[in-house]
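Chemist: Sharing a structure below in structure tokens format, with a few things to ask.
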Amino acid sequence: MTLSIRAVDGKRDLRAFVDLPFRLYRDDLNWVPPLKREALALLMPEKNGWFSHAKAQLFLAEEGGRVVGRISAHIDTLALTMPARQGFGPGVGQWGLMEAERQDVFEALLARAEAWLREQGMTRALGPISMSIWEEPGLLIEGYDHPPTIMMGHAKRAYRGWIEGADYRPVKQLFTYEVDITKHFPRLVQRIIKSGEANPRIRIREVDRNRFEEEAAIILHILNDAWSDNWGFVPLTEPEIADIGVKLKPIVFNDLIRIAELDGKPVAFMITLPDMNEALKPLGGTLLPFGWAKLLLWLRRPRVRTVRVPLMGVVKTLQASRLASQLAFMLIESIRQASVANYGASRGEIGWILDDNQGMRSIAETIECRINKVYQIYERDLAA
């Protein structure tokens, strides 16, 4: 049978693009089926604010009228303006959302994605990034033995060899850390926290969900400042925040998202989410016929094993100070207590964290976290 690669065209192709992983991973007990409507929304410019500064082309691989692979090629215009020393910069395109039945299918898809990037004037490719750096960057290379938490990816073991066999070299690793949150942190950390609690200049407060847009603006300001020197940083924009807010608002709880204030000014934050994957896994990607009722019941007051910290940050002016780690420990401890008491959680996951982010890695190690998953991003010169 002849293998063909073609561009996605229309809603039917989009559905085929989304449906493929459901077949490829149906026997993988650690894959979590996403809600299909949310997976479709990420691909649609009218529903994903990332497209306000990016463009993408999706491709399907077909053989005998059957879809056997998929890939995206995309360009983030904001990423093109970032300093090259931070990973992106002029001429850097990306690919992602890659799934394939066989290596030859992957190779054909990758060649087509690279050709599209060259046509757009790109000279270097990073991947996999699916599709925004803020969504699911990197290929899982360690930690296949347990399901990912919300907004983290899963992949087949074979993909690593396929990518490296296509002359891609590792450029960055992303870690997630897990920790038993039923236990108190080490005594040194407890002393640092108590010292902060006694400092009248410091206030740790819950966010107010009733002022969602205002609180989101505060967090966005801190985030874009705190992360601005990180590898792969692209500033989150207001359209993206709006769409992320719509997606995540059902699992935003006041006691799991907190802001640290110093002399009345917001200087740090920590976002924690109950692991919705625990509720989604049994639904098989659809809310019909009764999944909607089960999910609605869960959302009223989640009871979970795991809570995930996808984002936290301290303003840049404080990052070299002892106060930065003190604020981080205070935020973590206040949310740890709420997670155990109010959601029944016993496990926390922090990340992703860049391999060269020594500050965050040190904080994770000090509270006795351990790395549980590793994701890897690859690069290749498109002129080669």
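Throughout, read-outs are computed from the coordinates displayed, never taken from laboratory work. Keep in mind it's a predicted model, so treat the numbers as computed, not measured. All Cβ positions, even for glycine, are placed from backbone atoms using ideal geometry, and neighbour counts span all protein chains on display.
Chemist: In the range 1-72, which GluC sites (Glu not before Pro) are in a loop and have at most 11 other Cβ atoms within 10 Å, using DSSP for the loop call?
Modeler: On the way: sites: GLU38, GLU46, GLU62, GLU63; in loops: GLU46.
Taking the range 1-72 and a limit of 11 other Cβ atoms within 10 Å, the loop GluC sites (Glu not before Pro) found are GLU46.
Chemist: Checking the a/c ratio against 1.5 first, then a/b against b/c, what shape does the Cα gyration tensor give for the range 305-378?
Modeler: oblate
Chemist: Might you report the magnitude of the Cβ-based charge dipole of the chain about its Cα centre, with Lys and Arg at +1 and Asp and Glu at -1, to the nearest 20 debye? If you can, show how the numbers build up before the last one.
Modeler: Values: 50 positive and 48 negative charges, 191 e Å.
So the dipole magnitude of the chain works out to roughly 920 debye.
Chemist: Follow-up question, since we're still on this one. Amide H of ALA345 versus every other amide H placed in the peptide plane: which residues, excluding those fewer than 5 positions away on the same chain, fall under 5 Å?
Modeler: Residues meeting the criterion, in which the H sits 1.01 Å from N, are VAL304, VAL340.
Chemist: Relative contact order for the range 179-374 using alpha-carbon pairs under 8 Å, separation at least 6, rounded to a whole percent? Display every interim value, and only then the final one.
Modeler: Details: 247 pairs, mean separation 61.6, N = 196.
Once divided by the residue count of the range 179-374, the mean separation gives 31 percent.
Chemist: For labels at GLU213 and GLU38 in the simple 7 Å Cα→Cβ model, what's the distance in nm?
Modeler: 2.4 nm
Chemist: Hand me the chymotrypsin sites (Phe, Trp or Tyr not before Pro) from the range 277-310 located in a DSSP loop with no more than 11 other Cβ atoms within 10 Å, in residue order please. Don't jump to the answer; show the numbers that get you there.
Modeler: On the way: sites: PHE290, TRP292, TRP298; in loops: PHE290.
Passing both the DSSP loop test and the Cβ count: PHE290.
Chemist: Rounded to the nearest 10 degrees, what's the angle between the helix 322-343 long axis and the longest principal axis of the chain, both from Cα atoms, 0 to 90?
Modeler: So the inclination is approximately 80 degrees.
Chemist: Counting only DSSP beta bridges with both residues in the range 3-173, tell me the antiparallel percent, nearest 5.
Modeler: 90 percent
Chemist: Follow-up. So if each residue of separation counts as 0.36 nm, and I subtract the Cα-Cα distance between ARG303 and ALA7, what length gain in nm does that give?
Modeler: On the way: separation 296, 0.36 × 296 = 106.56 nm, distance 4.22 nm.
Result: 102.3 nm gained on full extension.
Chemist: Assuming R0 = 35 Å, can you tell me the calculated FRET efficiency for the pair GLN319 and GLU119, based on Cβ-Cβ distance, to the nearest 0.05?
Modeler: Working: r = 41 Å, r/R0 = 1.16.
So, using R0 = 35 Å, E works out to roughly 0.30.
Chemist: Please identify which residues in the range 284-312 have an amide N closer than 14 Å to a label point set 7 Å out from the Cα of VAL340, following the Cα→Cβ vector.
Modeler: Residues 307 qualify, since their backbone N sits under 14 Å from the label point.
Chemist: What is the range 3-173's relative contact order, in percent, from Cα pairs under 8 angstrom and six or more apart in sequence? Write out the running numbers ahead of the final one.
Modeler: On the way: 253 pairs, mean separation 32.9, N = 171.
The value is 19 percent.
Chemist: Tell me what the chain gives for mean residue ellipticity at 222 nm when only DSSP H runs of n ≥ 4 count, each as -39,500 (n - 2.57), the sum divided by the residue total, rounded to 500 deg cm²/dmol. Don't skip to the answer; put the middle values down first.
Modeler: Details: 12 runs with 132 residues, N = 384.
Value at 222 nm, helices only, nearest 500: -10500 deg cm²/dmol.
Chemist: Using alpha carbons only, how many angstrom separate the centre of the range 12-51 from the centre of the range 300-357?
Modeler: One Cα centre to the other: 28 Å.
Chemist: Would you please name the trypsin sites (Lys or Arg not before Pro) within the range 1-96 that are DSSP coil residues with at most 10 other C-beta atoms within 10 Å of their C-beta?
Modeler: Working: sites: ARG6, LYS11, ARG12, ARG15, ARG23, ARG26, LYS36, ARG37, LYS47, LYS55, ARG66, ARG70, ARG85; in loops: ARG26, LYS47.
Qualifying residues, ordered by number: ARG26.
Chemist: What is the angle, in °, between the Cα long axis of helix 212-226 and the longest principal axis of the Cα atoms in the chain? Nearest 10 is fine, range 0 to 90.
Modeler: Between helix and principal axis, roughly 80 degrees.
Chemist: Give, in whole angstrom and from largest to smallest, the semi-axes √(5λ) of the equivalent ellipsoid of the range 260-384, with λ running over the eigenvalues of the Cα gyration tensor.
Modeler: On the way: eigenvalues 182, 112, 37 Å².
In descending order the semi-axes read 30, 24, 14 Å.
Chemist: Considering the convex hull of the alpha carbon atoms of the range 179-374, report its projected area averaged over all viewing directions, in nm², one decimal. Mind dumping the intermediate values first?
Modeler: On the way: hull surface 46.3 nm².
Dividing the Cα hull surface by four gives the mean projection, 11.6 nm².
Chemist: Right, next: Using the charge dipole of the chain (Lys, Arg: +1 at Cβ; Asp, Glu: -1 at Cβ; taken about the Cα centre), state which of GLY121, MET82, ILE204 has its Cα farthest towards the positive end.
Modeler: ILE204
Chemist: With +1 on the Cβ of every Lys and Arg and -1 on the Cβ of every Asp and Glu, and nothing else charged, how large is the dipole of the range 37-145 about its Cα centre, in debye rounded to the nearest 20? Walk me through the intermediate numbers first.
Modeler: Details: 10 positive and 15 negative charges, 88 e Å.
In debye, rounded to 20, the range 37-145 gives about 420.
Chemist: Using amide H atoms built in the peptide plane, which far-off residues or other-chain residues are under 5 Å from PHE269 H to H?
Modeler: The answer is ALA260, GLY313.
Chemist: Now, a different point. Angle check, please: helix 291-300 long axis (alpha carbons) against the longest principal axis of the chain (alpha carbons), in degrees 0 to 90, nearest 10.
Modeler: 20 degrees
Chemist: Could you tell me the relative contact order of the chain? Use alpha-carbon pairs under 8 Å, at least six residues apart, and round to a whole percent.
Modeler: On the way: 689 pairs, mean separation 89.0, N = 384.
Dividing the mean separation by the residue count of the chain yields 23 percent.
Chemist: Here's another thing I want to ask about it. Would you mind getting me the FRET efficiency between GLN190 and ASN254? Use the beta-carbon distance for r and R0 = 30 Å, nearest 0.05.
Modeler: It comes to 0.75.
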